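Read through the structure below, which is laid out as structure tokens, and then see the notes.
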Amino acid sequence: MIRAKTPAVGKDVDDFCTKCKMLLNHVVVAKVGETIKRVKCLTCNTEHAYRGEKPKAETTTRKAAKPSAATVKASDYDTLMKGRDLSRAKKYKPAVVFEKNDVIDHPKFGMGLVLGDKDGSKIDVAFSDGVKTLVHNIG
Ligand SMILES: [Zn+2]
């Protein structure tokens, strides 16, 4: 019996989004007792079954995982952010269009710098804990 209290329906919860392929902020849509059953991704608005915080594949392959070429170290992040005007940071929302070198103010990851656009709908953004791929220019 799991006694841990889970977020209520309508509250935020972290889950792995099957569409964004990232651990993202979701909102709880349905619960059975303390078990979260369905969540909705706040980034792409897709509703899906709650998977729990970590995808299983990542746990088992964690040791073998190599850092990708895009991985930004904390020291690189500091260099990237140096001299940036944080007061001009754009609040992150999936509908907003971001361009290379835009400073992003993300509710979860904090301040980040756009490294580049991938295909018109996804951007790579350097945050203090690494590079994240975010959706943009949707809706
Ligand atoms: Zn999503």
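From the list Val32, Val39, Val27, the one residue that fits, being more than 16 Å from the ligand (Cβ to nearest atom), at pLDDT 90 or above and not assigned by TED's automatic domain parsing to the domain that holds Pro94, is Val32.
The set of residues in the stretch 9-24 that are within 8 Å of the ligand (Cβ to nearest atom) and aliphatic (A, V, I, L, M) comprises Met22, Leu24. Annotation note: Cβ proximity below 8 Å between a residue of the stretch 9-26 that is more than 20 Å from Val131 (Cβ to Cβ) and a residue that is within 9 Å of the ligand (Cβ to nearest atom) and assigned to a loop (DSSP other than H, G, I, E, B) (sequence gap 6+ or interchain) occurs for Asp12/Leu42; Thr18/Thr46; His26/Leu42. The set of residues in the stretch 90-109 being farther than 15 Å from Cys44 by Cα, surrounded by fewer than 17 Cβ atoms within 10 Å (Cβ to Cβ) and over 11 Å from the mean Cα position of the chain (by Cα) consists of Lys90, Lys91, Glu99, Lys100, Asn101, Asp105.
The values are calculated or read from the model by the stated rules, or taken from the named source; none is laboratory data. Keep in mind that what you see is a predicted model, and the values were worked out from it rather than measured. With ideal geometry, Cβ positions are generated from the backbone for all residues, glycine too; neighbour counts draw on all protein chains shown.
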